[in-house]
Amino acid sequence: MRQKKPVKTGIMKSKKTVCRKCVSCGSIIDKDLLLRIAKNREGVTRLDMTGFMEGRGAYICKSRKCLEKALDKNLLERSFRAGIRPEDKERLKKETEGLGQ
Ligand SMILES: [Zn+2]
């Protein structure tokens, strides 16, 4: 079986705004303005400061309200459709503590 791959030729990489949805409030905004939380194949969930970490990503606004809600209401778990290890969650809480207003 051969998989069809979309072929993109002659398309210059343009600076298009990529929007993502905040798992907490549902706003769809420029992903540069969102925080990415990534869960990799080893099941480790962490704050992805680079935006290029492998694995499944979830996006959250850089606001205290959204971060706290996402962690308190397990919205990340819902987005990943998998649990987050307690130690990862603790680290995420610490890592996001100084972020957002
Ligand atoms: Zn939000």
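Just a few scattered comments:
- Filter pass, Ala58 being away from the ligand (no atom under 12 Å from the Cβ), on the phi < 0 side of the Ramachandran plot and modelled with pLDDT of 95 or more: no
- Going through (1) of a type in the set (Val, Ile, Thr); (2) modelled with pLDDT of 90 or more; (3) touching a helix residue (DSSP H, G or I) at 6+ places or on another chain (Cβ under 7 Å) one by one, Thr96 falls short only on (2).
- For the criterion of being within 13 Å of the ligand (Cβ to nearest atom), surrounded by 12 or more Cβ atoms within 10 Å (Cβ to Cβ), of a type in the set (Lys, Arg) and outside any strand (DSSP E or B), Lys89 fails.
- The residue that is farthest from Arg41 (Cα to Cα), among those in segment 61-74 that are within 10 Å of the ligand (Cβ to nearest atom) and aliphatic (A, V, I, L, M), is Leu67.
- Considering residues of segment 14-66 that are in contact with a strand residue (DSSP E or B) (Cβ under 6 Å, 6 or more places away or on another chain) and basic (Lys, Arg) only, the residue surrounded by the most Cβ atoms within 10 Å (Cβ to Cβ): Lys39
- Residue pairs meeting the criteria (Cβ under 9 Å; at least 6 apart or on separate chains; first closer than 25 Å to Asn74 by Cα, in segment 15-26; second polar (S, T, N, Q) and surrounded by 14 or more Cβ atoms within 10 Å (Cβ to Cβ)): Lys21/Ser27; Cys22/Ser63; Val23/Ser79; Ser24/Ser63; Cys25/Ser63
The values are calculated or read from the model by the stated rules, or taken from the named source; none is laboratory data. Predicted, not measured: the structure shown is a model, and the values here were computed from it. Because the Cβ atoms are built from the backbone with ideal geometry, glycine has one as well, and the counts that use them run over all protein chains shown.
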